[in-house]
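Report on one structure; see the data block that follows.
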Amino acid sequence: MYWILLAVASAIGLGFYDVMKKLSVRQNNVPIVLLLNTLFGTLLMSPVILISLSNGEWGLGNTVTGHLMIVLKAIIVLASWILGYFAIKHLPLTIQGPINASRPVMVLVGALLVFGERLNWVQWVGILLGFASLFFISRIGSREGISIKHDRWLWMAIGATILGAVSALYDKYLLSNPVFRPAEVQAWYSLYQFLIMAVIVFFLRRFSAVAQVRFKWKWSILGISLFLTAADLCYFYSLSLDGAMISVISMIRRGSVLVSFAFGVIALHEQNVKAKLLDLGILLLSLILLVIGS
């Protein structure tokens with residue numbers, strides 16, 4: 001069951017990744033932080049591309065189709081990141097974290113619709129509890145002036161979570177094909193993300209006030225890339241192993257919320273902790289039921 005251990009390692013990495021994101025975007029220029037994140041991620045994975053090119057190969061089956069499929073993944077992930085980075089800048093970690101942690105519920109619903117997976121009653125109860133936790137966290141947010149009807153940052157967090165679920169389903173589809181090797185997928189999609197983000201920042205700086213916010217270097221920006229790269233490597237290799245289940249892996253990875261939630265409470269002194277702990281308990285129960293049902 002090595003794929004489960006890799007999923008746990010990925011979850012821990014993701015927890016610290018969320019903490020680094022929160023520290024990096026506070027009172028900072030979000031597009032530039034994201035651009036640097038994609039740059040560092042590309043540099044960390046560049047040896048994979050360079051080794052492939054030195055052997056006269058382009059990777060991903062040496063086909064244009066293979067690379068276009070990775071470009072599509074880069075677009076999906078980058079769209080999720082853009083929404084998520086703005087959300088984590090403006091929302092408390094103790095609200096954004098549980099919303100993001102509900103992703104396995106959406107992945108399981110997607111697996112039902114896309115891959116035709118059949119769910120048992122335990123999984124259905126888990127899904128209902130997962131959506132109930134989203135409802136409760138929106139009610140808790142209203143105490144802090146965060147309205148699900150009017151707060152765009154809350155909707156960005158939800159949008160980022162939905163796109164993240166789409167990405168997880170697409171990952172399973174890609175890595176079921178032996179042509180797509182985990183390290184190559186991560187290396188090339190990191191490169192394409194950086195190129196796409198560079199174009200976005202170029203146009204934002206020319207035509208939008210969003211990118212005009214003053215940028216300040218923080219070492220936590222480098223931490224984003226380090227923790228994410230480690231978490232993603234564990235994740236991709238977990239998916240590539242025989243018997244790996246995307247629904248279970250996705251649930252385990254959402255355990256990362258425990259790290260970010262604890263940081264929000266202890267270091268950032270966020271409010272309404274008891275109510276949020278209750279909501280987090282409902283969400284964790286949902287994830288446990290989904291694992292048992294799977």
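Could you check, for the stretch 20-27, whether at least one of its residues is of a type in the set (K, R), closer than 19 Å to S220 by Cα and assigned to a loop (DSSP other than H, G, I, E, B)? Among the residues of the stretch 20-27, at least one is of a type in the set (K, R), closer than 19 Å to S220 by Cα and assigned to a loop (DSSP other than H, G, I, E, B), which makes the answer yes. Take the conditions out of contact with any Asp or Glu (no Cβ under 8 Å at 6 or more places or on another chain) and open to solvent by less than 50 Å² (accessible area, probe 1.4 Å) and apply them to I282. Does it pass? Yes, satisfied. Kindly list, by first and then second residue, each pair from a residue in the stretch 42-71 that is free of Cβ contacts under 8 Å to residues at least 60 places away in the same chain to a residue that is open to solvent by less than 80 Å² (accessible area, probe 1.4 Å), limited to pairs with Cβ atoms under 8 Å and residues at least 6 apart or on different chains. Listed by first residue and then by second, the contacts come to W58/S52; W58/H67. Kindly indicate whether any position in the stretch 263-274 is in contact with a Phe, Trp or Tyr (Cβ under 8 Å, 6 or more places away or on another chain), assigned to a helix (DSSP H, G or I) and of a type in the set (G, A, S). For the stretch 263-274, residues in contact with a Phe, Trp or Tyr (Cβ under 8 Å, 6 or more places away or on another chain), assigned to a helix (DSSP H, G or I) and of a type in the set (G, A, S): absent. Candidates are the residues of the stretch 1-19 that are open to solvent by 40 Å² or more (accessible area, probe 1.4 Å) and part of a helix (DSSP H, G or I); the one that is farthest from W219 (Cα to Cα) is Y2. Kindly indicate the residue of the stretch 240-266 that is within 23 Å of V179 (Cα to Cα) and open to solvent by less than 40 Å² (accessible area, probe 1.4 Å) and also farthest from the chain's Cα centre (by Cα) among those meeting that condition. If we take residues in the stretch 240-266 being within 23 Å of V179 (Cα to Cα) and open to solvent by less than 40 Å² (accessible area, probe 1.4 Å), then A244 is farthest from the chain's Cα centre (by Cα).
The values are calculated or read from the model by the stated rules, or taken from the named source; none is laboratory data. Here the structure is a predicted model, which means the values were calculated and not measured. No Cβ is skipped: glycine too gets one built from the backbone with ideal geometry, and neighbour counts run over all protein chains shown. For accessibility, only protein heavy atoms count, side chains too; no ligands or nucleic acids. Shrake-Rupley method; radii C 1.70, N 1.55, O 1.52, S 1.80 Å.
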